[in-house]
Amino acid sequence: RRYAGELQTLAADRGYDSQPLRETLRDMGIRPLVKHRIFAPYDHAHNARIEDDLYNQRSMTETVNSSVKRSYGSAVRAREWYREFREVVLMCLVYNIKQYVTR
């Protein structure tokens, strides 16, 4: 069963191009939108089949990540993973509030 908030597609850059990753995502029911690194002519064909509208949404995420890093720093100070996660969530929350207030 699929839920509204469940991840259905994952867009990533060429750095994540690996067959095991693609297979794992497909097994989880997630559609990988990862451009292929160019090693052979058929890699161009694979990349041409990717929907540009969906793949280009990745750039919005990259822009927000860059803005958050410039505003609040790229390092987290917590040592445990759950505190690191909480710190990143709080950074994003503050960023979203700041964007809402400045509109």
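Data for the structure
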item	result
Charge dipole of the chain about the Cα centre (unit charges at C-beta), most positive-ward option of G73, I30, Y16	G73
Charge dipole (the stretch 1-88, unit charges on Cβ, about Cα centre) - positive-most of H46, V64, V88	V88
A40 paired with L10, simple spin-label distance in nm, labels 7 Å along Cα-to-beta-carbon	2.4 nm
Length-normalised contact order of the chain in % [C-alpha pairs under 8 Å, at least 6 apart]	19 percent
The chain: equivalent-ellipsoid semi-axes (sqrt of 5 x gyration tensor eigenvalues, Cα, Å)	30, 17, 15
In the stretch 1-96, the GluC sites (Glu not before Pro) that fall in loop regions by DSSP, at most 15 other Cβ within 10 Å	E6, E51, E80
Kyte-Doolittle mean at least 0.0, axial Cα span of 27 Å or more - DSSP H helices of the chain	81-101
Given charges at beta-carbon only (K, R positive; D, E negative), |dipole| of the chain in Debye	360 debye
Accessible area per residue in Å² at 1.4 Å probe, computed on the chain	82 Å²
Equivalent ellipsoid dimensions for the stretch 61-103 as semi-axes, Å, which come from the Cα gyration tensor, largest first	20, 12, 8
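The values are calculated or read from the model by the stated rules, or taken from the named source; none is laboratory data. Being a predicted model, the structure only gives us computed values, none of them experimental. Every residue, glycine among them, receives a Cβ derived from its backbone with ideal geometry; neighbour counts consider all protein chains shown. The protein model used for the area step is the full one, side chains on, heavy atoms only, and it has no ligands, DNA or RNA in it. Shrake-Rupley method; radii C 1.70, N 1.55, O 1.52, S 1.80 Å.
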